[in-house]
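Student: Sharing a structure, written as C-alpha cells. Questions coming.
The values are calculated or read from the model by the stated rules, or taken from the named source; none is laboratory data. All values reported here derive from a predicted model rather than from experimental measurement. Reconstructed Cβ throughout: ideal geometry from the backbone, glycine too, with neighbour counts over all protein chains shown. The area values use the complete protein model at the heavy-atom level, side chains included, leaving out ligands, DNA and RNA. Shrake-Rupley method; radii C 1.70, N 1.55, O 1.52, S 1.80 Å.
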Amino acid sequence: MPSVQASLAVAALAGVLALASASGSTLLAGGIALVVLIFTLGAVAAARVHSARWSAAVALLAAGGALGWTWAEGTSDLTPIAALLGPTLVLSIVVQLWRRDGRSGLTTSLAVAVTASVLAVLPVTWLALRESSDGQYPVGLALLGVGAVGLTESLPVSRAVRRLVGVLVAALGAGALVLTTDWMADAVPAVSAVVIATFTGLMAAVAFAAVDRLADEYTPQPVAVAVPVGAPAAAETGTGDGAQVAAVPRGAAAFLPLRVSLPFIAAAPAAYVLGRIFVS
C-alpha cells in the first residue's frame, strides 16, 4: 500500500480544509463532502462483503443529509446527525435482510453497513464546530493536529516513533501558533490550543494504526512459488530467479481511501468536544 502518498494526501487535505474553514462554512462543507465521498465510495463500496455498494449508498445518504441540514440551518448542535443516524441504521439492517444471495456472511455485512453509516456522519461535526462561536479557531487547530500527524506519517522510521513525533509536532505547532500570532492568542489560550491539537493528532495517529492493522490482517501477502522455468504463469508475476510471486488481490486497494479519510473521521468527535469546551 502506498502509505507515503496517502499520508501526504492527509496533510494536504488538512491544509485545504483549514483554509476552507477560514474562508467560510460553505467551503468547509464542500471539503467535508469530499472526505465523505472518499470514505463511502472509495473504502466502503470497495469492501469485499455482500451489499457493499448498498451500504456505501446508505452511508452517503445519511452523511449528505446531515451535512446539508447543518449547513442550511447554520447550527452548531448535533441534532441533524442524531435525527438521521437512527433511521439510517434501521435502513442498513433492512438492506441486509433484503439480500437475495443467502445469509452467508450476514454478520460481517451488517457490521460493515452499520459501522459505515456511523463513521460517514462523524465528519459533519467539523461543520457543526465551525458554526459555533469562534469555531474557526478550534477547527484550524484540530486540523493542524491531523495534518502534523499525516506529515510525519511519511517519515521512514518505525510506526510508533513517527506517530509519537507527529503528536509532539502538533502540540508544539499549536503552541507556537498561539504565541506568535495576536489574532489567535486573543481567541484561544495557549494551553487550550495545545490540548485541542494534541488530542486530535492522537486520534489521527490511532486511525493510521487501525488502518495498518486492517491492512496487515486482511491483505494477503505475496507468496513465492517455485515453478519450472518456461512454465506458463498467467496469473503470477516473475521475480527473475525462477520463482513466481502471486499478485496481491485488487481488494487491497480499498485501504488507500480509508487511510486518507479515516484520520479526519476519527479526529472529528475529539475536535468538536474539546473545541466547544475550551473555545466556543
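Student: From Pro263, Pro257, which residue is assigned to a helix (DSSP H, G or I), surrounded by 13 or more Cβ atoms within 10 Å (Cβ to Cβ), under 14 Å from the mean Cα position of the chain (by Cα) and modelled with pLDDT under 95? Walk me through how you get there before you give the answer.
Tutor: Numbers: Pro263 fails: modelled with pLDDT under 95.
Every option except Pro257 fails the conditions.
Student: Still on this model: Determine which member of the set Ser76, Ser51, Ser23 is more than 30 Å from Arg162 (Cα to Cα) and open to solvent by 50 Å² or more (accessible area, probe 1.4 Å).
Tutor: Working: Ser76 fails: open to solvent by 50 Å² or more (accessible area, probe 1.4 Å); Ser51 fails: open to solvent by 50 Å² or more (accessible area, probe 1.4 Å).
Only one candidate qualifies: Ser23.
Student: Here's another thing I want to ask about it. Quick one: is Ala160 farther than 19 Å from Leu129 by Cβ, small (Gly, Ala, Ser), in a helix (DSSP H, G or I) and modelled with pLDDT under 95? Before the answer, list the steps.
Tutor: Numbers: farther than 19 Å from Leu129 by Cβ: yes; small (Gly, Ala, Ser): yes; in a helix (DSSP H, G or I): yes; modelled with pLDDT under 95: yes.
Yes; evaluated as a whole, the condition is true for this residue.
Student: With the structure loaded, tell me whether Val58 is over 16 Å from the mean Cα position of the chain (by Cα) and buried (at least 17 other Cβ atoms within 10 Å of the Cβ) or whether it fails that test. Working first, answer last.
Tutor: On the way: over 16 Å from the mean Cα position of the chain (by Cα): yes; buried (at least 17 other Cβ atoms within 10 Å of the Cβ): yes.
The answer is yes for Val58.
Student: Being over 30 Å from Gln96 (Cβ atoms), crowded, with 17+ Cβ neighbours inside 10 Å, at pLDDT 90 or above and hydroxyl-bearing (Ser, Thr, Tyr) narrows it down to one residue among Ser7, Ser3; which is it? If you could, list the steps in order and put the result at the bottom.
Tutor: Numbers: Ser3 fails: at pLDDT 90 or above.
Answer to the check: Ser7.
Student: What is the number of the single condition among (1) closer than 24 Å to Ser25 by Cα; (2) of a type in the set (A, V, I, L, M, F, W, C); (3) surrounded by 14 or more Cβ atoms within 10 Å (Cβ to Cβ) that Ala210 does not meet?
Tutor: So Ala210 meets the others, but not (1).
Student: Same structure again: Looking at (1) touching a residue at least 60 places away in the same chain (Cβ under 8 Å); (2) open to solvent by 20 Å² or more (accessible area, probe 1.4 Å); (3) under 23 Å from Phe255 (Cα atoms); (4) not aliphatic (A, V, I, L, M), which is the only condition Thr200 fails?
Tutor: All conditions are met except number (2).
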